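Beneath this line is the structure, given in structure tokens, with notes to follow.
The values are calculated or read from the model by the stated rules, or taken from the named source; none is laboratory data. For clarity, every value in this text was computed on a predicted model and none was experimentally measured. Counting neighbours? That spans all protein chains shown, and the Cβs are built from the backbone with ideal geometry, glycine included. Quick note on the areas: whole protein, heavy atoms, side chains included, nothing else; ligands and nucleic acids left out. Shrake-Rupley method; radii C 1.70, N 1.55, O 1.52, S 1.80 Å.
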4 protein chains.
Amino acid sequence: MLEICQFGAGRIGAIHAGNVAAHPGATLRYVVDVDRKAAEALAAKHGAQVVEADAALADPRIGAVIIASSTDTHADLIERSARAGKRVFCEKPVDLSMKRVDACVAAVRAAGVPVLIGFNRRFDPSFAALKRAIDDGRVGPVELVQITSRDPNPPPPAYVKVSGGLFRDMMIHDFDMARWLLGEEPVEVFASASCLVDPAIGAAGDVDTAAVTLRTASGRLAAITNSRRASYGYDQRIEVHGAKGCVSAGNRTETTVALADAGGVTGAKPLHFFLERYAEAYRAELAHFLEVAAGRAKPLTSIEDGRAALRLAEAAVESLAGRRAVAV
Amino acid sequence: MLEICQFGAGRIGAIHAGNVAAHPGATLRYVVDVDRKAAEALAAKHGAQVVEADAALADPRIGAVIIASSTDTHADLIERSARAGKRVFCEKPVDLSMKRVDACVAAVRAAGVPVLIGFNRRFDPSFAALKRAIDDGRVGPVELVQITSRDPNPPPPAYVKVSGGLFRDMMIHDFDMARWLLGEEPVEVFASASCLVDPAIGAAGDVDTAAVTLRTASGRLAAITNSRRASYGYDQRIEVHGAKGCVSAGNRTETTVALADAGGVTGAKPLHFFLERYAEAYRAELAHFLEVAAGRAKPLTSIEDGRAALRLAEAAVESLAGRRAVAV
Amino acid sequence: MLEICQFGAGRIGAIHAGNVAAHPGATLRYVVDVDRKAAEALAAKHGAQVVEADAALADPRIGAVIIASSTDTHADLIERSARAGKRVFCEKPVDLSMKRVDACVAAVRAAGVPVLIGFNRRFDPSFAALKRAIDDGRVGPVELVQITSRDPNPPPPAYVKVSGGLFRDMMIHDFDMARWLLGEEPVEVFASASCLVDPAIGAAGDVDTAAVTLRTASGRLAAITNSRRASYGYDQRIEVHGAKGCVSAGNRTETTVALADAGGVTGAKPLHFFLERYAEAYRAELAHFLEVAAGRAKPLTSIEDGRAALRLAEAAVESLAGRRAVAV
Amino acid sequence: MLEICQFGAGRIGAIHAGNVAAHPGATLRYVVDVDRKAAEALAAKHGAQVVEADAALADPRIGAVIIASSTDTHADLIERSARAGKRVFCEKPVDLSMKRVDACVAAVRAAGVPVLIGFNRRFDPSFAALKRAIDDGRVGPVELVQITSRDPNPPPPAYVKVSGGLFRDMMIHDFDMARWLLGEEPVEVFASASCLVDPAIGAAGDVDTAAVTLRTASGRLAAITNSRRASYGYDQRIEVHGAKGCVSAGNRTETTVALADAGGVTGAKPLHFFLERYAEAYRAELAHFLEVAAGRAKPLTSIEDGRAALRLAEAAVESLAGRRAVAV
């Protein structure tokens, strides 16, 4: 039974803690959060204790940590946990600064512990099946990856300011998926973007609508679009075109109900947001982390993957400012 | 916190016990099963105790029972539980004999406790949404209900012999759905059926492929088809046609992945069987039972509903033998 | 170049005449209709002449006739044309009376000319592909055929009175499809039906909503539903379930446009009625007739097929009256 | 009755000539082609005559011309026809050189005759319905247009050499659609592209796989992807995202048949190529041209639209070479 300390008792923390509780191979021993009340509520729900970070990391019974606290704490907690010999599962991003990420990667390598970065989409059953289809040669060599990714509603301006911007905060998931599905590293990034959804986002120095193109050394392309708004719910679709065919994965709907009448045939909307859409992905991600912690698997999304996605996000920022393709 | 005793530790029992464990408003105290080992395994998993039925029913801390044991024990356990003042959630069917069901209904009425019969499909999110669309007048007055219901594989002959036959065992779910969706009681039943899937089923005196027509007093129709085989997985679809339109609910697929190539466009199969397809329905059913047990809701599927569905199954058997419509 | 005389210049006549005109292997020489004005308009459009039936049938240049006049003229015109040695393409039904049909069949056999009966659905590209899939063994031995067939709007009461009723007028198409797809002759028919759409239909002695079950000697089943109303357009769907799988064919929509917004995802309706839905089928049917007329093919839908479908319609009428299955 | 002279008797010429022949308001009088045999065959089929261009343009009975000859003849024929006072329907592109196009535009303006450029996709029923949905405000202000456009097979190298390249030859259609659907002129173009499908295309100096981003002055974006290969048939899809929702239009399939079995659920492929997919569009385009010729409509796709699309193609070429966004 792996005993776990979780940092962060917020929305995504509640998901991970619930998945630990439901898993027969792990138990949640500690919850750490600067918001003491949130920590206590989550700990009480799962029979865990609230402690300070140092105490948790000093406890030899703790074999692994889950870092679901705010972004600015990620790199520190990864380093401290790694130095304490704990296996680490940390939400994306590692950090918003590449320099800080590099230091963190070095510390992790020195500590020699496995670190899983929470790019949850790779664990979505449909996207995982899509990847298997590619690996099984069902579409032939990949030529073009198309990713559509839209949030149902724009985030609050306060969040926008600390988010690192759309490319580092939102599209970073799509950069990870593109790298994974292209099967080659992108060497060139071009970004075009606008503020069309919410002027407050523009006032905060960010964009809310974007189209980005990636190219690999052999010429494979990825076309990614993002928007902070989709009135019909969370829109998460991927198409991978290869020499032999195309494999795609679409949205899950709330129900399968359709109403046919004089106005047309109306079906249900996609699931509303990431908590619903990726509920299965989060369960599979935790199960994978337990395999990693047990030494039976390597992290599907390593800290190096976290670094590589951030590098693409930085290139996108640079491209947008310079109106030209940026080499990576 | 409602304390529950569950009778039956088999496949469906594991589902219900798991849902009780995951629900914040209930706890599983006792598990009862003639298979002591199965009882102990399930009890251990959820921190419950294995006891005999009498002891469980005599314990005043037990507020409710879940009956998931074999069909021939249902009526007895309903009666004993009702007499002991426990709220009851019993898997379908109440019994295979109408006489026994009538006695059981009388006993339940005398005891004055609520009894929920496990017609799980009414709790499926898509079928529930379909019913709401009807109740909201979206299709106008109902004229025709079409139900397609197919199991992925035929049951073993040993099960067929004690099952009561396809109409009482399998189509009874569809009879319940038809009654619910027609909004009127069927007054006439016609059944046509064959043994096409497995000769062993025919040797056991049963059929495996069936088409049944129901008619209500005002002339509303239901057309139900059943098969014990569907190579592509569990097939559970309903269409309701009314004066203003049609509302339908279909199958959930394993993934949303589609492969387009020279051979066509191939998508995923429906979820394979009832445990996967109706996982959400079982959760919603348990939540409803807790509302019923708390006196905040009436059973959506009462013991009288269980009786009415069995009555239609009996009429179907009679119709098949006599090759004529049977009045109900 | 096959020279053709067409009887009937109404709605369906215009379709056939247009298809003759567009076909490089045939030309429309004569149009015959009791409505002289309609005949002249259609003839003018395609460079044909208006004549009386006798003159047309006496003209040795006429190699084939198309009978698209009112139902009560079909049998006479088939017989007269056959006796004149013309190849015949006649709209369904041959006649509403079985006795009259039998006489007509005898006359056709005596004349030895090929007669194609216009069961257009067999020529629909999707239904034809579905049949090929069955014949290619893609679903294994057929077990159950499900046919949903709904008109967009009820016919005028005046038409209902001369139509022969829903079973002979509308479901006769589905009886033909069921026979074709079952691959065996039905030996038993059960019909349930109501008047729910338009009281004027009931007043005319007919029904407008029906569910019919067919059974073959080996136990294969067909479940057919019909309605004279579908607010969302012409609804024509077929599913064929076999031991190895299921093949289905659905509706064509007006466009592929879908609108996703806060109200759901709304797509286009099915094509509105038979003229649009079966436009391709009518073209393929005419092309097939020209092959038949040239002696290169046998009629896919012979006069015997017309008789067999009528026999099922009669059995349905008898079943509805007697509330029992009727042997065929 | 509008009398028409058609230049070009090849594949697309046959489509247009057939549509003229089938239209009650027009007749094909002349066919002109350097390939005399092709001209004679097409003329014979529709009762037209083969003449030289001068003779046709000098004939006052000719009210309109259709230019479906090779690209390098378009501009000359447009100018000569315009000077002769004929209404013009010319296949895209006007020319591959912007200078030549500018001269042609000037000549057309001087002549004052209407010129329709054959951007057939605007006439596709689904794309036209999508545009109407936008114009009706169904998606709110447009924010992002996504266009996927893939040919089933790469063109022969000989064609590639004279085609002007993928951007001028293939994506020019998508540039036109993007302009039309964005509702604003793009002011910036970025292109990324590779040769992945056929090395012969690369040897001819062209690309076969491309992703292009357009941006308008107000920040609206379009993301276009092209490939010269799609094993599953012609792939032509558009999504338009706006503040209130998303409207999309997809592919038409060969049939509606689906086979469900142990391998999944397999449906038909998209229609194979442009002749099938856009058959209805070509008919509607011709009908629109007759309205234009009659003075009852303005060209939906004018010669200025042809120029604007070419301008975007040129910018894409420049962007690809310079790896930067190009202002238009």
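General remarks:
- Residues in region B:27-38 that are in contact with a Phe, Trp or Tyr (Cβ under 9 Å, 6 or more places away or on another chain) and either of a type in the set (A, V, I, L, M, F, W, C) or assigned to a helix (DSSP H, G or I) (or both): B:V31, B:V32.
- Residue within region B:182-190 that is open to solvent by 20 Å² or more (accessible area, probe 1.4 Å), at pLDDT 95 or above and within 14 Å of chain A (Cβ to nearest Cβ) present: no
- The set of residues in region D:191-205 being over 30 Å from D:L300 (Cα atoms), more than 8 Å from every other protein chain (Cβ to nearest Cβ) and touching a residue at least 12 places away in the same chain (Cβ under 8 Å) consists of D:D198, D:A200, D:I201, D:A203, D:A204, D:G205.
- Taking the listed residues C:Y234, C:Y282, the one that is in contact (Cβ under 8 Å) with a residue 60 or more places away in the chain, open to solvent by less than 20 Å² (accessible area, probe 1.4 Å) and in contact with a Lys or Arg (Cβ under 7 Å, 6 or more places away or on another chain) is C:Y234, with no other qualifying.
- Top-ranked residue in region B:2-22 [being surrounded by fewer than 18 Cβ atoms within 10 Å (Cβ to Cβ) and within 14 Å of chain A (Cβ to nearest Cβ); ranked as nearest to B:E52 (Cα to Cα)]: B:A21
- All positions within region A:287-326 that are within 18 Å of A:F123 (Cα to Cα), within 13 Å of the chain's Cα centre (by Cα) and part of a helix (DSSP H, G or I): A:I303, A:D305, A:G306, A:A309
- Region C:99-136 - residue that is within 14 Å of chain D (Cβ to nearest Cβ) and without any contact (Cβ under 8 Å) to a residue 24 or more places away in the chain and, of those, surrounded by the most Cβ atoms within 10 Å (Cβ to Cβ): C:R132
Listed here are the residues, each with its yes/no results for (1) touching a helix residue (DSSP H, G or I) at 6+ places or on another chain (Cβ under 7 Å); (2) within 19 Å of D:V257 (Cβ to Cβ); (3) of a type in the set (A, V, I, L, M, F, W, C).
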position: C:D124; (1), (2), (3): yes, yes, no
position: C:A133; (1), (2), (3): no, yes, yes
position: C:L144; (1), (2), (3): no, yes, yes
position: C:N153; (1), (2), (3): no, no, no
position: C:Y159; (1), (2), (3): no, no, no
position: C:S163; (1), (2), (3): yes, no, no
position: C:M171; (1), (2), (3): yes, no, yes
position: C:L181; (1), (2), (3): yes, yes, yes
position: C:E185; (1), (2), (3): yes, no, no
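- When region A:153-171 is filtered for residues that are within 14 Å of chain D (Cβ to nearest Cβ) and surrounded by 22 or more Cβ atoms within 10 Å (Cβ to Cβ), the ones remaining, listed by number, are A:L166, A:M171.
- Any hit, region B:49-56, residues being modelled with pLDDT of 95 or more, open to solvent by less than 50 Å² (accessible area, probe 1.4 Å), among the small types (G, A, S) and assigned to a helix (DSSP H, G or I): yes
- In region A:243-269, the residues that are in contact with a helix residue (DSSP H, G or I) (Cβ under 8 Å, 6 or more places away or on another chain), buried (at least 23 other Cβ atoms within 10 Å of the Cβ) and assigned to a strand (DSSP E or B): A:V247, A:A249, A:L259
- D:D174 passes every criterion in (1) assigned to a helix (DSSP H, G or I); (2) surrounded by fewer than 19 Cβ atoms within 10 Å (Cβ to Cβ) apart from (2).
- Residues (of a type in the set (G, A, S), surrounded by 16 or more Cβ atoms within 10 Å (Cβ to Cβ) and not in a loop (DSSP other than H, G, I, E, B)) located in region B:57-98: B:G63, B:A64, B:A75, B:S81, B:A82
- In region D:206-231, the residue that is surrounded by the fewest Cβ atoms within 10 Å (Cβ to Cβ) out of those that are facing another protein chain (nearest Cβ under 7 Å) and hydroxyl-bearing (S, T, Y) is D:S231.
- Residue check, C:I224 under 19 Å from the mean Cα position of the chain (by Cα) and closer than 27 Å to D:V265 by Cβ: yes
- Between D:A203, D:A222, D:A133, D:A211, the distinction of being within 30 Å of A:Y232 (Cβ to Cβ) and in contact with a Pro (Cβ under 9 Å, 6 or more places away or on another chain) belongs to D:A222 only.
- Any hit, region B:119-136, residues being part of a loop (DSSP other than H, G, I, E, B) and within 18 Å of the chain's Cα centre (by Cα): yes
- Number of the exception - D:A243 against (1) more than 9 Å from chain C (Cβ to nearest Cβ); (2) within 24 Å of the chain's Cα centre (by Cα); (3) more than 29 Å from B:R229 (Cβ to Cβ): (2)
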